[in-house]
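Below you'll find the structure, written out as structure tokens, and then a few comments.
Just so it is clear, none of the values below were taken in a lab; they were calculated from the coordinates. Here the structure is a predicted model, which means the values were calculated and not measured. Note: ideal-geometry Cβ built from the backbone for every residue, glycine included; neighbour counts use all protein chains shown.
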């Protein structure tokens with residue numbers, strides 16, 4: 001029989017033993033995450049970036065580091081076992097984005113339309 | 001042989017293509033369990049996003065009290081970050097050792113994870129206590145309320161994770177690395193890595209942007 005007997009053998013609840021990762025992938029993830037962390041701290045404490053661009057740089061580095069964590073530590077890949085997890089993650093990211101940017105946007109707008117407060 | 005042919009007929013799709021897309025029979029239990037736990041983690045992320053949003057809105061409202069730049073010690077934050085990152089690494093290595101059925105190696109990595117997680121919590125608790133002693137407790141300003149809520153919720157998650165780690169290590173010792181224990185370990189490692197992801201957001205938005 002060819003590879004399809006693996007498919008026919010599978011029943012619910014039976015563990016299919018396959019290692020999902022290796023020591024090497026965790027170590028690669030650790031090195032990349034440490035580099036991203038150091039870069040974040042350096043960017044925030046030095047004049048390496050143009051001052052008004054520092055928050056943007058920090059957000060970019062944070063997103064990069066989250067990506068590193070997702071791929072190397074949580075093993076979200078392009079494999080078929082990850083499809084559902086990726087879809088759920090995409091929905092989660094959408095909600096997180098709506099909550100954070102929506103709140104900041106609305107409150108900033110309200111704040112700028114407030115009557116000027118005078119000191120008593 | 002005839003039965004095998006009949007069985008194989010509806011599954012003409014190659015196994016690798018069918019998996020995870022509804023074809024090819026039910027997914028293995030550890031995939032299903034990890035997916036359910038992943039949904040829980042994402043809902044936890046949505047809760048954290050509300051706390052992040054509150055902090056982002058209130059970060060400037062210091063009510064004449066101390067600002068982040070005056071309160072935060074970035075050297076401590078860097079040590080905290082490294083503790084949590086390394087504990088994520090040892091947690092991953094421990095999960096891998098468990099998957100390869102090395103209980104002794106798993107327990108060593110679990111001990112490293114526990115020590116690093118505890119070090120993180122001790123540094124954070126010291127920082128909180130120092131801020132409260134300086135009169136910069138959660139009741140001082142809206143900024144500090146949001147700060148303590150966000151960072152404190154993360155700390156509570158870390159503490160809960162450490163308690164769960166003790167519980168799981170005891171299960172590994174008592175029951176061995178059987179399938180059910182392995183699935184719990186898989187879920188726990190997902191939780192621990194997710195906490196590290198939240199911390200990336202915390203040190204970027206709260207500490208680095210707040211201190212500069």
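Just how many % of Cα pairs in the protein assembly as shown lie over 35 Å apart, if you round to the nearest whole percent? Walk me through the intermediate numbers first.
Details: 16823 of 54946 pairs.
In whole percent, the long-distance tail amounts to 31.
Helix-only mean residue ellipticity at 222 nm, chain B, DSSP H runs n ≥ 4 weighted -39,500 (n - 2.57), per residue, nearest 500. What is it? Mind dumping the intermediate values first?
Numbers: 8 runs with 160 residues, N = 212.
Taken over chain B, the calculation gives -26000 deg cm²/dmol.
Which whole-number percent gives the relative contact order of segment A:36-120, counting Cα pairs below 8 Å spaced six or more residues apart? Don't jump to the answer; show the numbers that get you there.
On the way: 23 pairs, mean separation 15.8, N = 85.
Contact order relative to length: 19 percent.
What percent does the relative contact order of chain B come to when contacts are Cα pairs within less than 8 Å and at least six residues apart? Before the final figure, lay out each step's value.
Details: 174 pairs, mean separation 63.1, N = 212.
Over chain B, the number comes to 30 percent.
So how do B:104-110, B:141-147 stack up, highest first, on mean other-Cβ count within 10 Å?
Working: B:104-110: 17.9, B:141-147: 21.1.
Highest mean packing first, the order is B:141-147, B:104-110.
Working from Cα positions, state the angle (0 to 90°, nearest 10) between the long axis of helix B:142-175 and the longest principal axis of chain B.
40
Specify the angular offset, from 0 to 90 degrees and rounded to the nearest 10, of the alpha carbon long axis of helix B:179-202 from the longest principal axis of the alpha carbons in chain B.
30
So what is log10(I(q)/I(0)) for segment A:22-75 at q = 0.28 1/Å, when the Debye sum runs over its Cα atoms only?
Reported log10 I(q)/I(0), two decimals: -1.00.
Give the Kirkwood hydrodynamic radius (Å, one decimal) of segment B:63-212, defined as one over the mean of 1/r across all pairs of different Cα atoms. Write down the numbers at each step before the final one.
Working: mean 1/r = 0.0612 Å⁻¹.
Taking the inverse mean of 1/r over all distinct Cα pairs, segment B:63-212 comes out at 16.3 Å.
Can you give me the Kirkwood hydrodynamic radius for segment B:107-152, using every pair of distinct Cα atoms, in Å to one decimal?
On the way: mean 1/r = 0.0844 Å⁻¹.
This gives a value of 11.8 Å.
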